[in-house]
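The values are calculated or read from the model by the stated rules, or taken from the named source; none is laboratory data. As the structure is a computational prediction, the values presented were derived from the model and not from experiment. Neighbour counts run over all protein chains shown; Cβ positions are idealised from the backbone, glycine included.
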Amino acid sequence: MNINWYPGHMAKAKRLISESLKLVDIILEIRDARIPISSANPDFDDLFINKSRIVFLNKSDLANSSITKAWVDWFAAQGIKAVPINSLDPKDTTKAKNTILDTAKEFHENIRKRKGIKKTIRGMVIGIPNVGKSAFINGVAGTKKAKTGNKPGVTRTKQWIKVTPYLELLDTPGLLWPRLDQREVALNLAYTRTIKEEILDTEEVAHYFLEKAKVEFPEAIVGRYGELDMQLKGYEILENICLQKGWVQAGGVPDLERGSRHVLDDFQQGRLGRLTLENPPK
């Protein structure tokens, strides 16, 4: 599966982010807790090498909690603070806000000692499309100032949001990988609806998802759809799911398109349980 999707607004987004770096003090990177590697644009490490950085593992309520903890420890070993959150949970966004304010306090103290003033600290919120940046900002700011949506590409321009008199956040457009020639990464982004559905073969994506599921979490599939032969190929498992659920077309033919959408929606909405698709590197 070789997806090269980098439309013009992605190149524009990268320029906008690069140009805005000189205006900010802290980088607040939002990743999907289910795919912490695939949901990180590889350009970010080079772009933000000289900036203070916090990683927020969003949608942690959908991820395996023990694996998320392992990711937090892994990031700590790299010298990066990682915080699991659900950007739709007020308690989690309050926790995120306090983490940002604690970091901003260090900047305030350093600037006060050097210049004798209290400067407004600015943070840039970055991430790939559909990872939850705008929902994160709205939760931290306590008001709906950033546009949100359940499809990638909602935010197209930068927007400043005031959190406190001395803290502002910059909402930026989502920046996807420039090339998706790694199949596993492309599929992980497809499973989590980061790549627009219009450019994908939904049945192919569901096939690969079930190929992965039958090895890594077969009990989640059986628990949701009933007894299945998990030794079959992904397409065959999908056919059996359709037959068991009555998703059939005329003549009793399995409706694979409908079944594919149900399986992927069930994963995306957490109806298969709390599943993580990537483990920390050893």
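What number goes with the only condition from (1) more than 20 Å from Ser20 (Cα to Cα); (2) at pLDDT 85 or above that Asn150 does not pass?
For Asn150, the exception is condition (2).
Look at Asp45 and say whether it is exposed (fewer than 14 other Cβ atoms within 10 Å of the Cβ), touching a residue at least 24 places away in the same chain (Cβ under 8 Å) and not in a loop (DSSP other than H, G, I, E, B). Can you show your working first?
Working: exposed (fewer than 14 other Cβ atoms within 10 Å of the Cβ): yes; touching a residue at least 24 places away in the same chain (Cβ under 8 Å): no; not in a loop (DSSP other than H, G, I, E, B): yes.
In short, no.
Against the condition outside the structural domain of Asp32 (by TED's automatic domain parsing), surrounded by fewer than 18 Cβ atoms within 10 Å (Cβ to Cβ) and closer than 17 Å to His262 by Cα, how does Gly234 come out, does it pass? Quick ask: steps written out before the conclusion?
Details: outside the structural domain of Asp32 (by TED's automatic domain parsing): yes; surrounded by fewer than 18 Cβ atoms within 10 Å (Cβ to Cβ): no; closer than 17 Å to His262 by Cα: yes.
In short, no.
Residues of segment 84-125 being among the small types (Gly, Ala, Ser) and either loosely packed, with under 14 Cβ neighbours inside 10 Å or in contact with a Pro (Cβ under 7 Å, 6 or more places away or on another chain) (or both), which ones?
Matches in segment 84-125: Gly116 only.
If you scan segment 65-85, which residues turn out to be in contact with a strand residue (DSSP E or B) (Cβ under 7 Å, 6 or more places away or on another chain) and part of a loop (DSSP other than H, G, I, E, B)?
Within segment 65-85, Ile80, Ile85 meet the criteria.
Of the residues that make up segment 201-215, is at least one touching a residue at least 60 places away in the same chain (Cβ under 8 Å), within 26 Å of Gly139 (Cβ to Cβ), in contact with an Asp or Glu (Cβ under 8 Å, 6 or more places away or on another chain) and not in a loop (DSSP other than H, G, I, E, B)?
no
State whether the residues of segment 3-11 include one that is in contact (Cβ under 8 Å) with a residue 12 or more places away in the chain and under 15 Å from the mean Cα position of the chain (by Cα).
Among the residues of segment 3-11, not one is in contact (Cβ under 8 Å) with a residue 12 or more places away in the chain and under 15 Å from the mean Cα position of the chain (by Cα), which makes the answer no.
I'd like to know if segment 236-256 contains one or more residues that are among the β-branched types (Val, Ile, Thr) and assigned to a helix (DSSP H, G or I).
Within segment 236-256, one or more residues are among the β-branched types (Val, Ile, Thr) and assigned to a helix (DSSP H, G or I).
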